[in-house]
Amino acid sequence: MWLTIGGLLMNISLDYIFIFPMQLGIDGAAYATLVSQVVSAVVGLIYFALPYTELRYGYKMFRLRFSRLKEIIKNGFPSLGAQLSIIAMLFFHNYQSLKYGGVNGLAAYTFIGAVESLGSLLMTGLSLGVQPLVAYLYGGRRYLRQNIIGNMGYITAFVLGGIMMSVSIAGHNVFPAWFNLHGEAAVMASHGLIISSTAFLLLGVIRVAGYYYQATGKITESSLLIYGDAFFALPLCLFTLPLFLGLDGVWWAMPASRVLLFGYVCWLWFGKKRRQSTKQ
């Protein structure tokens, strides 16, 4: 955590130094990123040579085992999709916002996308906090405690989503100006934020579910949930709803796709349990 925070603060500080006092322009920003990443990596490597960790480097650690490599790739596949989903969300929304709202619509989504990305990253952070605890309990066969932690994650995500939605709606007339939006673009952004912010209610619940199933070895369920978000549910809503609602359809795509995905989560929660109980 401190390496991550330290690298971030160093990057910000070096951005200022390289861009303004040293007048390196955009090249300075690139140099700042490079230097901060290298320093963070070196400090991280030094840590493993200190007596504070039980992990020690050795020849056996670097010997490739293809069976383990296969498991690593399989287990990490959903995490890749979680990162790609943010990219897909921005790309598809930008395309449709420009198509149905022109330059002002694209400017409006620049603001809305930043808010949605903030919510997505916050919920991803919450999910990544739940994941190792669930994985540890699952490995120890403490299934009751595992379910309790999962439920705590779902409830917390829903409450945080409600708070983010409420704040977004309350400040919909104020926040666009913070992004230097005025006139028609600000009106579009204000209206769009009210609609799109409703997605926060289920955004975190779905994200926690994806990481929960990954942590419990259900890679297929996790992958379908995560990749189904980025490459099925969201594109389906984004390219269908605007045909009937215009630009409002672009704003409604995110909430609508959350409802579709939540339906799949409910099927995982209750549908399989019902079929299992019927078989028994």
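The values are calculated or read from the model by the stated rules, or taken from the named source; none is laboratory data. Since the model is a prediction, treat every value here as computed from it, not as a measurement. Cβ sites come from the backbone with ideal geometry, for glycine too, and all protein chains shown count toward neighbours.
When each of ALA108, ALA114 is tested for being crowded, with 16+ Cβ neighbours inside 10 Å and either at pLDDT 95 or above or assigned by TED's automatic domain parsing to the domain that holds ALA199 (or both), the lone residue that passes is ALA108.
None of ALA41, ALA30 is over 27 Å from TYR211 (Cα atoms), without any contact (Cβ under 8 Å) to a residue 60 or more places away in the chain, surrounded by 12 or more Cβ atoms within 10 Å (Cβ to Cβ) and not assigned by TED's automatic domain parsing to the domain that holds MET123 except ALA30. Among the residues of the range 23-42, some residue qualifies, meaning at least one is on the phi > 0 side of the Ramachandran plot and either out of contact with any His (no Cβ under 7 Å at 6 or more places or on another chain) or in a helix (DSSP H, G or I) (or both). Tell me, please, whether a residue that is touching a residue at least 40 places away in the same chain (Cβ under 8 Å) and part of a helix (DSSP H, G or I) can be found in the range 52-70. So far as the range 52-70 goes, no, none of its residues is touching a residue at least 40 places away in the same chain (Cβ under 8 Å) and part of a helix (DSSP H, G or I).
In the range 86-121, the qualifying residues are those that are touching a Gly at 6+ places or on another chain (Cβ under 9 Å) and without any contact (Cβ under 8 Å) to a residue 60 or more places away in the chain, and the one that is nearest to ALA230 (Cα to Cα) is LEU90. State yes or no: is LEU45 within 18 Å of THR4 (Cα to Cα) and assigned to a helix (DSSP H, G or I)? Considered against the rule, which asks whether it is within 18 Å of THR4 (Cα to Cα) and assigned to a helix (DSSP H, G or I), LEU45 comes out as yes.
Please verify whether PHE158 is under 18 Å from the mean Cα position of the chain (by Cα) and more than 28 Å from ILE194 (Cβ to Cβ), treating the condition exactly as stated. No. A residue that is assigned by TED's automatic domain parsing to the domain that holds TYR100, outside any helix (DSSP H, G or I), more than 20 Å from the chain's Cα centre (by Cα) and farther than 20 Å from CYS266 by Cα can be found somewhere in the range 181-188. For the range 140-158, does any single residue satisfy the condition of being part of a helix (DSSP H, G or I) and closer than 20 Å to TRP252 by Cα? Within the range 140-158 (the criterion being part of a helix (DSSP H, G or I) and closer than 20 Å to TRP252 by Cα), the answer is yes, since at least one residue qualifies. In the set (1) under 20 Å from TYR154 (Cβ atoms); (2) at pLDDT 90 or above, the condition left unmet by LEU236 is number (1). Within the set of pairs 6 or more residues apart or between chains, which connect a residue that is surrounded by fewer than 24 Cβ atoms within 10 Å (Cβ to Cβ) inside the range 194-214 to a residue that is outside any helix (DSSP H, G or I) with Cβ atoms less than 6 Å apart? Pairs found: ILE194/HIS172.
Of ILE226, ILE163, all but one fail to be assigned to a helix (DSSP H, G or I), of a type in the set (Val, Ile, Thr) and surrounded by 15 or more Cβ atoms within 10 Å (Cβ to Cβ); the exception is ILE226. A single entry from VAL103, VAL130 fulfils the requirement of being in a helix (DSSP H, G or I) and crowded, with 17+ Cβ neighbours inside 10 Å: VAL130. Report, ordered by the first and then the second residue, all pairs with beta carbons closer than 8 Å, sequence separation of six or more or different chains, a first member in the range 4-24 that is more than 30 Å from GLY125 (Cα to Cα), and a second member that is of a type in the set (Gly, Ala, Ser) and exposed (fewer than 12 other Cβ atoms within 10 Å of the Cβ). Qualifying pairs under 8 Å: ILE19/GLY25.
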